[in-house]
1. Give me the percent of the accessible area of the chain that comes from carbon and sulfur atoms, probe 1.4 Å, all protein chains in place.
2. Per residue, how much accessible area does the chain have with a 1.4 Å probe, in Å²?
3. With a 10 Å radius around each residue's Cβ, average the other Cβ atoms per peptide and rank 184-192, 296-304, highest first.
4. Step through the residues of the range 297-305 one at a time and calculate ³J(HN,Hα) from phi using the Karplus curve (6.51 cos²θ - 1.76 cosθ + 1.60, θ = phi - 60°), rounding each to whole Hz and writing x for Gly and Pro.
5. Could you list which residues have their amide H under 5 Å from that of Tyr219, counting only those 5 or more apart in sequence or on another chain, with H placed in the peptide plane?
6. Under a plain spin-label model, where a point goes 7 Å from the Cα along Cα-to-Cβ, how far apart in nm are Asp10 and Val237?
7. Normalised by the residues of the chain, what does the relative contact order come to in percent, with Cα pairs under 8 Å and at least six apart?
8. What does the extension gain come out to for Ser167 and Thr207, with contour length at 0.36 nm per residue minus their alpha carbon separation?
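The values are calculated or read from the model by the stated rules, or taken from the named source; none is laboratory data. The model shown is predicted, which means the values in this text are computed figures rather than measured ones. Note that we place each Cβ from the backbone using ideal geometry, even for glycine, and neighbour counts take in every protein chain shown. Just so you know, the surface numbers come from the protein's heavy atoms only, side chains and all, with ligands and any DNA or RNA stripped out. Shrake-Rupley method; radii C 1.70, N 1.55, O 1.52, S 1.80 Å.
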Amino acid sequence: MVQTSFVCADAPFAPGIASCTDSNGSASPGLLDTATTGTHSYTVTATSLDGQTATTSVAYTVAGPPTVTISSPQPGQSYTVAEKATASFVCADGPGGPGIKSCVDAGGASSPATIDTATPGSRTYTVTATSLDGQTTTTSVPYTITPSTPPPPVTPRLPPTAAISVSPATAGLTYRLSGAGSSAPAGHHITGYRWTIAGRQVATTKTFTYTFAAARHAYSVTLTVTDDQHQTATTTVSVTPRTKPVTVSSVVQFARNQAALTADTRQILNPLRPLVRSATAVTLTGYCAANEPSRHRLLVKLSRLRAQTVRTYLFSGDKRPRRNATIMGKGATGFVATNNTPAGRARNRRVTITIIYPKPIS
């Protein structure tokens, strides 16, 4: 940020100065444009009240930073311990620069300089150029010092460890099997998983879900893991699926004279869809609202249609026959609220859902 300063004066007998601005439209003080290196021109224009103008320009230079070129060591070059090695580098002034003040490595040495090879390991050689106006540029190259003695013998590779965890899923005889507890030796990782159940390969992922055929029957579950050293490990556990019956009840409501589902209704039904696929019994009972209790055939038909709509949504995508699903239309009976208010009638226009399903347990 470089400020400028200028002044415009009227000529003898002139009417006065109308404006005095630089090429950026700024009055004094202004700012020099230092965005790019090289030679530039700064211009100021004076305009009198009678429209006469005069322009004056001055040249200035924006200096660029210096540059560093390291010819030795080359990037990635390798030396042995205690090897004599010499560094070579040169610094150059940037465009329009005032000159180089210093060109030294991290130890303060000028080119040529000695490269440190005292101990093995990865190193970095760094050179810094400083110009007379204080700008600096630093360049580094990596190099390696290798031991002059033979490397120590390679230790035997350790195998990975396989581990299985089993946890119940949502319903039925489905369980979640995980090999996430498996591990590889330090610095390595597991690359493959192979699962077999009762002697048959069933999955090659870290975790998966599996539906066993029968409860209270012992199944042999085997996991073989492979690491990035191509080492393997195998473990086997016995899983005996067990379930307990669980009953879930829910209610969805319908608009007057309607049997269509709404977005809110579907949101209530969505958590029930995984349960009905393994349910032992599903009962869907539809109801209507009327001023008095009635089993008029039209009300029974509408209440049954509501129950059928819920059944279709719950079992959508499941092509298996569902003999365990019971649908009933009760008409305008079984009121749970008064029919004298809109809120009460809305509660009575409903389908009740009862699901009995086997829940897997550990």
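1. Its accessible area is 54 percent carbon and sulfur atoms.
2. Numbers: 20640 Å² over 362 residues.
Using a 1.4 Å probe on heavy atoms only, each residue of the chain averages 57 Å².
3. On the way: 184-192: 13.2, 296-304: 17.7.
Highest-to-lowest ranking by the protection proxy: 296-304, 184-192.
4. 3J(HN,Hα) across the range 297-305, in whole Hz: 4, 5, 5, 5, 5, 5, 5, 5, 4.
5. Sorted by chain and number, the residues that satisfy this are Val239, Thr240.
6. The two pseudo-label positions are separated by 9.8 nm.
7. Relative contact order for the chain comes out at 12 percent.
8. That pair, Ser167 and Thr207, stretches by 13.3 nm at full extension.
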